[in-house]
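The values are calculated or read from the model by the stated rules, or taken from the named source; none is laboratory data. Computed from a predicted structure; not experimentally measured. Here Cβ is always computed from backbone atoms with ideal geometry, including for glycine, and neighbour counts include all displayed protein chains. These accessible areas exclude ligands, DNA and RNA; they are computed on the full protein's heavy atoms, side chains included. Shrake-Rupley method; radii C 1.70, N 1.55, O 1.52, S 1.80 Å.
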Amino acid sequence: MSLNNKKVLAIYYTQSGQMGEIMRSFTRPVMESGASVETVVIEPVVSYRFPWTGQRFFSVMPSCVLGVAEPLKPLFLKAHAYDLIILGYQPWFLSPSIPCNSLLQNKEFRALIKDTSIITISAARNMWINAFVRVSTTLRDAGAKLVGNVALVDRNPNLISFVTIFYWMLSGKKERYLNVFPKPGVSEKDITNAGEFGKTVAHYLKQGRWHGMQDELIKKKAVEINYRLMFIEARAKPIFALWAKFIAKRKNRTPWLSAFKYYLFVALFLGAPILLLLDAVLIKPFSSKRIHSKKLNYLQLNN
Ligand SMILES: Cc1cc2nc3c(=O)[nH]c(=O)nc-3n(C[C@H](O)[C@H](O)[C@H](O)COP(=O)(O)O)c2cc1C
């Protein structure tokens, strides 16, 4: 059976083009099985220039964390309804990026996704869980059916990718910093491999039912949870919220954004390793059941 009568919308935002590459790889098998795939790129009215300057990069933190929406250019979709929507987004400051959050708040988009099956794909440095929880909650609030999730990350060690992402974001070059560090972002191998996840999606789309798809995606490692990163993200979330609320109220935000930047460096390079060590000795050994069920919650879309 082919998918000739199925309509799929692939919608995403990207600055570097990385999410575009991932979407192309992911949707190729869906197209090849005969579904019609319409691809739409989200464009804010006022674009977020790429590459960033250090100051502009941190200046978006309060709006990201507080979920402030910005106007988007009209989407001009070809259809009024789709059998499947694939949403590609990226976390910014542990939150959905402002363009993607703006789409999720958009009235027309919310009307479109009501009662519609959605698969989310994120491409992050490595901390995607909080953003995913916000995206999935917003989708459910709008009446959409979240049927699958794929989370692609930079697989290099946390502190290394922290350095290399800044090089990438501030230079615009997805290249090896100083020829010493590894390439930043989602690897070419993982981008190509996204096609394997697309094959799974094509299979379930053909069947017209989604039961079992996320389990198959988990088996294919389309989404994995690293305990240490999950631990750091969980601690960082309320602290980011405090900073964001505090800074959003300041008339002159510049010195406070700069203070946040230094906080982030100290928290990641000093605070996180100390907390992880304490956790490894005092809490983790006695919490394996709780940790396992938390991981499953995020993996199986029950969060
Ligand atoms: C302002 C900003 C904040 C970011 N914050 C995070 C973050 O909290 N967690 C994370 O894993 N990646 C973070 N990233 C990396 C992005 O999720 C993404 O991988 C990168 O921007 C490439 O996406 P693109 O497709 O838009 O080029 C951030 C990027 C930007 C620009």
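Label zone of residue 270 (point 7 Å out along Cα→Cβ, amide N under 15 Å): in region 220-241 this covers no residue at all. As a rough guide to protection, the peptides 288-300, 102-114, 148-160 ranked by mean Cβ packing within 10 Å, highest first, stand as 148-160, 102-114, 288-300. Rounded to the nearest Hz, the phi-derived 3J(HN,Hα) couplings of region 147-153 under the Karplus curve 6.51 cos²θ - 1.76 cosθ + 1.60 (θ = phi - 60°) are 10, x, 9, 10, 10, 9, 9, where x marks glycine and proline.
Between residue 72 and 45, the built amide H atoms are under 5 Å apart, and every one of these is 5 or more places off in sequence or on another chain. Residues in region 162-303 average 61 Å² of solvent-accessible surface per residue, probe 1.4 Å, ligands and nucleic acids excluded. Just how far, in whole angstrom, is region 231-278 from region 102-171 if you go by their alpha carbon centroids? After rounding, the separation between the Cα centres reads 21 Å. Given a 10 angstrom Cα cut-off, can you work out which residue in 88, 172, 195 is the most mobile in a GNM of the chain? Its mean-square fluctuation being the largest, the pick is 172.
Taking each of 73/251; 261/295; 78/107; 174/199; 6/219 in turn, the alpha-carbon distance tops 24 angstrom for 73/251; 261/295; 174/199; 6/219. Considering only 217, 139, 77, the Gaussian network model of the chain with Cα springs below 10 Å gives its largest mean-square fluctuation to 77. Less than 5 angstrom separates the built amide H of residue 10 from those of 38, 39, 40, 86, all sequence-distant by 5 or more or on a different chain. With a cut-off of 12 Å on the backbone N, the residues of region 79-107 near the modelled label site 7 Å out from residue 38 along Cα-Cβ are 79-85. Between 122, 287, 25, the Gaussian network model of the chain with springs among Cα atoms under 10 angstrom shows the greatest mean-square fluctuation at 287. Axis of helix 288-299 versus longest Cα principal axis of the chain: the two differ by about 50°, to the nearest ten degrees.
Length available on full extension from residue 166 to residue 296: 0.36 nm per residue minus the Cα-Cα distance, which gives 43.7 nm. Could you list which residues have their amide H under 5 Å from that of residue 146, counting only those 5 or more apart in sequence or on another chain, with H placed in the peptide plane? Answer set, sorted by chain and number: 118.
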